[in-house]
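Report on the following structure.
Read the figures in this text as sums done on the coordinates, not as results from a lab. Note that the structure is predicted; figures quoted are calculated from it, not measured. With ideal geometry, Cβ positions are generated from the backbone for all residues, glycine too; neighbour counts draw on all protein chains shown.
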There are 2 protein chains.
Amino acid sequence: MDRFSFNQATAKYWPLTDVVDGCVAEGVRNVGLWREPVAEYGLRRAAAMVREAGLTVTSLCRGGFFGADDWLDDNRRAIEECAVLGAPALVLVCGGLAGRTLAEARDRVAAGLAALAPYAEAADVTLAVEPMHPMFAADRSVVATLAGALELCAPYPASVVGVALDTYHVWWDEAVLPLIAANGERIACFQLADWVLPLPADVLVGRGLPGTGHVDFGQFIKAVDAAGYTGPIEVEVFDANLWSRPGAEVLRETIAAYRSVMSSASPQSAGQAVR
Amino acid sequence: MDRFSFNQATAKYWPLTDVVDGCVAEGVRNVGLWREPVAEYGLRRAAAMVREAGLTVTSLCRGGFFGADDWLDDNRRAIEECAVLGAPALVLVCGGLAGRTLAEARDRVAAGLAALAPYAEAADVTLAVEPMHPMFAADRSVVATLAGALELCAPYPASVVGVALDTYHVWWDEAVLPLIAANGERIACFQLADWVLPLPADVLVGRGLPGTGHVDFGQFIKAVDAAGYTGPIEVEVFDANLWSRPGAEVLRETIAAYRSVMSSASPQSAGQAVR
């Protein structure tokens, strides 16, 4: 459980104070936070509360959206927020086409990273480029594969620009396991969520707790371990059904799901089919 | 218009006889057919009707689904149907996980191709592996990228196993244009459909006529041309809205959409942004 991190988006409407109290009550040591609820509570106040509760912030979501008018100021603020919270990684959702071709939009992401890298380095924050599922390529992230994310990272040290690896977004890609094996040092954030079918009307909020869908978590966790990643493992699930339920219940269910998929990746289960 | 092919799935509920008459009336020379409506009308009767109308069948959909119990018999029948119709390519939707890991499911596809290749070669039919959008990876096709499809083709001559390249499924992939450039001879079927947002509740039937969404058709058509592909260009659009309208109207609209995107790829428009 030392590596488990509860991303607050999994219980989206649970107030930040309750998230913190709930994590302490369940023996959870790490949380992934989002900018909006942190800002609502107050950045410095939130940082103090989390620290006093003995929790570590593993990531902050999210920067990116390099097509927005105020992208530079907004991302610089996000980096500063990470520094205040002690979050080592800022997750970047890089933005969609916004009228550009795919190549142009990707160039814009590269230019955005070039502009942000010095600020990130100075603040000791890693920009974590998140490859998102290709069904979001037009409107959320033209970075749709781990290969594409790694290409964007290449000009920078891994401490400055890395990737946010979310099983939900990359599980379908036959290239992903070898890429993980060759690029363990680039993993700045590792998140678990499951691919469940049918997709709901709003595909953004139809993810599942680990173990409820089609992702082979055992294989993923082993690959990330073998690549040398020893950092936190967040569970971050966008699921309208989970969001309608009491946060404490969601947290307990998330812990149980985490434990179950972690045990499927343990040495004892090596060689067994995970599902 | 010589290369345009009307895939009958674009007007799913239009009877086959009307599809043929409609194409003749509009000066369309090629059609892409589906097995179910052909079987309903009668295979040999359909082949004769299409031939007598002066139409060429550019592809038959679909084989694949290598997880099904009767996959071998069913795919052998599909190859024979291609031969009777004179369809040069059998489009393969390779099937989802069906309880297997991604790697296991892909191995099953490879084994299926190995079993079918001799029959395809004997019948002078190309098996056209269709990389499908990753949102279908769990339930329809573990072949989710052009790279993955090309890997499956590699053991065979291009005349025996190639790819069905549908813009809807691959547009988001930054690797796709260089792969097309290097593998023109593998394109056994080229289909156009657009990525439109928002995705509908049933994501299978939310595609758009070329030009109505986010795909950069000019770039695709130029890339496929430059790779040396000179075959037919099908428009195949799964859209519940189109399907509710009169077939003749859908056909005319499809022709107009095709003309519009083809002109965006003409030498005159080279260097211009397509959208």
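May I ask you to derive the FRET efficiency for B:E80 and B:R252 from their Cβ-Cβ distance with R0 = 56 Å, giving the value to the nearest 0.05? Here the calculated transfer efficiency is 0.95.
Spin-label model, B:R3 to A:R3: label points 7 Å out along the Cα-to-beta-carbon direction sit 5.1 nm apart.
I'd like the FRET efficiency for B:E26 and B:T212, computed as 1/(1 + (r/R0)^6) with the beta carbon distance as r and R0 of 30 Å, rounded to 0.05. Show your work: numbers first, answer last.
On the way: r = 20 Å, r/R0 = 0.66.
Calculated transfer efficiency: 0.90.
With semi-axes defined as the square roots of five times the eigenvalues of the C-alpha gyration tensor, the equivalent ellipsoid of the protein assembly as shown measures 45, 25, 20 Å, largest first.
Remark: the range A:173-181, residue by residue, has Karplus-estimated 3J(HN,Hα) of 8, 5, 8, 6, 5, x, 5, 4, 4 Hz, where x stands for each Gly or Pro and the curve is 6.51 cos²θ - 1.76 cosθ + 1.60 at θ = phi - 60°. A cut-off of 5 Å between modelled amide H atoms, ignoring neighbours fewer than 5 places along the same chain, links A:G162 with A:L127, A:A128, A:V129. For the range A:20-172, averaging the sequence separation of C-alpha pairs within contact (under 8 Å, six or more residues apart) and dividing by the residue count gives a relative contact order of 20 percent. Scalar couplings 3J(HN,Hα) for the range A:2-14, obtained by applying the Karplus form with A = 6.51, B = -1.76, C = 1.60 to θ = phi - 60°, are 4, 8, 5, 10, 8, 7, 5, 5, 5, 10, 3, 9, 7 Hz; x denotes Gly and Pro. In the protein assembly as shown, helices alone account for a calculated mean residue ellipticity at 222 nm of -12500 deg cm²/dmol, with every DSSP H run of four or more residues adding -39,500 (n - 2.57). The alpha-carbon atoms of chain A define a convex hull whose volume equals 121 cubic angstrom per residue. Computed from phi, the 3J(HN,Hα) profile of the range B:33-47 under the Karplus parametrisation 6.51, -1.76, 1.60 (θ = phi - 60°) reads 10, 10, 5, 5, x, 5, 5, 4, 7, x, 4, 5, 5, 5, 4 Hz, with x in place of Gly and Pro. Taking every DSSP bridge with both residues inside chain B, close to 10 percent are antiparallel. Inter-copy label distances at B:R45, using a point 7 Å along Cα-to-Cβ, come to 7.7 nm with the shortest given first.
Note on B:D18 and B:A68: with the Förster distance fixed at 41 Å, the Cβ-Cβ geometry gives a FRET efficiency of about 0.85. Distance between the C-alpha centres of the range A:24-79 and the range B:18-55: 60 Å, rounded to the whole angstrom. For the range B:1-122, just say rounded, prolate or oblate: build the C-alpha gyration tensor, square-root its eigenvalues into a ≥ b ≥ c, call rounded for a/c under 1.5, and beyond that prolate if a/b exceeds b/c, oblate if not. Prolate, since a/c reaches 1.5 and a/b exceeds b/c.
Each other copy places its own label point for B:L197 at 2.4 nm from this one, sorted shortest first, where the point lies 7 Å along the Cα-to-beta carbon line. With label points defined 7 Å past Cα in the direction of Cβ, position B:N241 shows copy-to-copy spacings of 3.0 nm, given to one decimal and shortest first. What shape does the range B:85-145 take by its C-alpha gyration tensor, where a ≥ b ≥ c are the square roots of the eigenvalues and a/c under 1.5 counts as rounded, a/b above b/c as prolate, and the rest as oblate? Oblate.
Sequence-distant contacts, meaning Cα pairs under 8 Å at least 6 residues apart, place the relative contact order of chain B at 19 percent. Fewest neighbouring Cβ atoms within 10 Å first, the residues B:R77, A:R35 line up as B:R77, A:R35. Beta bridges from DSSP with both residues in the protein assembly as shown: antiparallel share about 10 percent, rounded to the nearest 5. Mind jotting down the distance between the C-alpha centroids of the range A:82-152 and the range B:122-183, whole Å? For the range B:122-183 versus the range A:82-152, the Cα centre distance is 28 Å.
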